[in-house]
Amino acid sequence: MSEQTTPSQFPSAPLRKLASRITDGSHFSPTPQEHGYLIANVKDMKSGYIDFSSCTRISTAAYRELNATGCTIRNGNVLLSKDGTVGRVVVYKQNEEIGALSSICLIVPTEEVDSAYLGHALQSQVCVRQFENFMSGSALRRLVLRDIRAIEIPVPSVQQQAAIAQILDTLDTAIRETESLIDKLKAIKQGLLHDLLTRGIDANGQLRPPQSEAPQLYKESKLGWIPRKWEVVPLGYCADIVSGVTLGRILNSPVAIELPYLRVANVQDGYLALGEIKTVSILPSELNRFALKVGDVLMNEGGDFDKLGRGAVWEGQIEPCLHQNHVFRVRCDDSKLLPAFLAAYSSSVRGKAYFVQASKQTTNLASINSTQLKAFGISCPSVAEQLLITHRLSTFDKKMAVEQEALEKLRQQKIGLMDDLLTGRVGVTPLLESMQQAAAQTEA
């Protein structure tokens, strides 16, 4: 499959000619209720469906008003997020009619347009580039209905639309199943993480029994019950903590060099997302101060609460590489604290609770400073036991890494295949027959 998008061999038409109705949800937010009808926002748009569990509930009277003004979602509607997070698409296949807020665009396809096909087309690079050209606003990116109606969509025959949708739906199913598996593995890991970081591993290589079953093995601490041989130590006691290079500096120096750096978005819980790396200019004399070394732990200073305090170990994937001022570099004293143990501990329930509580003591509700990070209390076993714990976790992390890699391959496969199908570069019928034969062989 080609990596570049070529002009479509199919005729195209503006979206307004492919839909009997294009509107958005309510510009007025009804008062939330404990019980009642559902109303959806962009946050509720998941991979292929609306998550009812996260939707807000509103009164019967408010819902009736939404219904009367056409701000309700019905089976077969195509939904496009238009404010803030732009470009999420859901083909609504749920029977329950619900309300929608103005951040969601509601599209009712005509009978000549397959709704599943239209959903895929709106996620293609052909449309994504148009979104980017049309988007306005700096703080809050958005699309307006006028521009959405003007988006050009490739229009193959109805039969070809259905076949394209069937092929891409098959990939979507595989993607959702892999995402679901990863979510289950994450939940299992949290349970394992909690047990390992509160009970540890005994001399026999087994989890200690919980405190309720063997109180003689534990002692009280300011963090709660911990194994008797463990100690609670502040991070500043066993690690050197520094902030990174400040962005936006103007260096009028002929010797300035441009190097890659890591930002908050790159630091995830337990791993580094290195798909998009930016660069910054520094002076050669600053390189030793900001350059990362293998074994450094990167921890986020701020961002959303789910990003706050994330920790991941640098393994020298890019050399040299820097870190920006919103990402702390923590260099552990290996005789007291292992980097992998710190990264795991920062992602635990205890770790996250500390960061959230500490951030609320500052003027910025989602930020911690170096003093607070140095005071971060860690319940530390011996280095030998830390090694056993991190080895147990790394075995599990390898399973997750395999699934993450499979998910990324599926997503890239869909992007490439979608481009090929919507441009007509790859014939629909032969590909569909090939997939059906492969499925039949798998079942046999």
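Would you pick out the residues in segment 363-414 that are more than 28 Å from residue 199 (Cα to Cα), touching a strand residue (DSSP E or B) at 6+ places or on another chain (Cβ under 9 Å) and either of a type in the set (S, T, N, Q) or not in a loop (DSSP other than H, G, I, E, B) (or both)?
364, 367, 370
Yes or no: residue 223 closer than 24 Å to residue 292 by Cβ and in contact with a strand residue (DSSP E or B) (Cβ under 6 Å, 6 or more places away or on another chain)?
In short, no.
Any idea which of (1) modelled with pLDDT of 90 or more; (2) surrounded by fewer than 21 Cβ atoms within 10 Å (Cβ to Cβ); (3) over 24 Å from the mean Cα position of the chain (by Cα); (4) farther than 20 Å from residue 187 by Cβ is the one residue 361 doesn't satisfy?
Unmet condition: (1).
On the basis of being in the same structural domain as residue 148 (by TED's automatic domain parsing), surrounded by fewer than 17 Cβ atoms within 10 Å (Cβ to Cβ) and out of contact with any Phe, Trp or Tyr (no Cβ under 7 Å at 6 or more places or on another chain), does residue 54 make the cut?
Criteria met by residue 54.
May I ask you to say which residue of 274, 337, 292, 251 is assigned to a loop (DSSP other than H, G, I, E, B), surrounded by 13 or more Cβ atoms within 10 Å (Cβ to Cβ), hydrophobic (A, V, I, L, M, F, W, C) and in contact (Cβ under 8 Å) with a residue 40 or more places away in the chain?
Of the residues listed, the single one that is assigned to a loop (DSSP other than H, G, I, E, B), surrounded by 13 or more Cβ atoms within 10 Å (Cβ to Cβ), hydrophobic (A, V, I, L, M, F, W, C) and in contact (Cβ under 8 Å) with a residue 40 or more places away in the chain is 337.
Where the second residue is among the hydrophobic types (A, V, I, L, M, F, W, C) and part of a loop (DSSP other than H, G, I, E, B) and the first is without any contact (Cβ under 8 Å) to a residue 40 or more places away in the chain and lies in segment 219-239, which pairs have Cβ atoms under 9 Å and are six or more apart or on separate chains?
219/230
Within segment 234-243, take every residue that is surrounded by fewer than 16 Cβ atoms within 10 Å (Cβ to Cβ) and touching a strand residue (DSSP E or B) at 6+ places or on another chain (Cβ under 7 Å) and give me the one that is nearest to residue 334 (Cα to Cα).
240
Please work out which residue is farthest from residue 71 (Cα to Cα), limiting yourself to segment 9-22 and to residues that are in a strand (DSSP E or B) and touching a helix residue (DSSP H, G or I) at 6+ places or on another chain (Cβ under 7 Å).
So, considering only residues that are in a strand (DSSP E or B) and touching a helix residue (DSSP H, G or I) at 6+ places or on another chain (Cβ under 7 Å), the one farthest from residue 71 (Cα to Cα) is 14.
Given the options 180, 124, name the one that is small (Gly, Ala, Ser), under 30 Å from residue 397 (Cα atoms) and within 27 Å of the chain's Cα centre (by Cα).
Checking each option against the conditions leaves just 180.
Test each condition in (1) at pLDDT below 90; (2) over 24 Å from residue 240 (Cα atoms) for residue 368 and report the one that comes out false.
Among (1) at pLDDT below 90; (2) over 24 Å from residue 240 (Cα atoms), residue 368 violates only (2).
Restricting to segment 78-116, what's the tally of residues that are touching a Pro at 6+ places or on another chain (Cβ under 8 Å) and not aliphatic (A, V, I, L, M)?
Count: 2.
Yes/no matrix, rows are residues, columns are (1) surrounded by 16 or more Cβ atoms within 10 Å (Cβ to Cβ); (2) aromatic (Phe, Trp, Tyr); (3) under 14 Å from residue 267 (Cβ atoms):
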residue: 279; (1), (2), (3): no, no, no
residue: 284; (1), (2), (3): no, no, no
residue: 298; (1), (2), (3): yes, no, yes
residue: 301; (1), (2), (3): yes, no, yes
residue: 312; (1), (2), (3): yes, no, yes
residue: 329; (1), (2), (3): yes, no, yes
residue: 346; (1), (2), (3): yes, no, yes
residue: 349; (1), (2), (3): no, no, no
residue: 355; (1), (2), (3): yes, yes, yes
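Out of curiosity, is residue 276 farther than 26 Å from residue 375 by Cα and in the same structural domain as residue 370 (by TED's automatic domain parsing)?
Here the answer is yes, as residue 276 does meet what is asked.
Condition test on residue 214, is it free of Cβ contacts under 8 Å to residues at least 24 places away in the same chain and either under 35 Å from the mean Cα position of the chain (by Cα) or over 16 Å from residue 387 (Cα atoms) (or both)?
yes
When you look at residue 368, is it closer than 19 Å to residue 223 by Cβ, touching a Ser or Thr at 6+ places or on another chain (Cβ under 8 Å), buried (at least 23 other Cβ atoms within 10 Å of the Cβ) and not hydroxyl-bearing (Ser, Thr, Tyr), yes or no?
yes
The values are calculated or read from the model by the stated rules, or taken from the named source; none is laboratory data. Note that the structure is predicted; figures quoted are calculated from it, not measured. Positions of Cβ are backbone-derived with ideal geometry, glycine not excepted, and every protein chain shown enters the neighbour counts.
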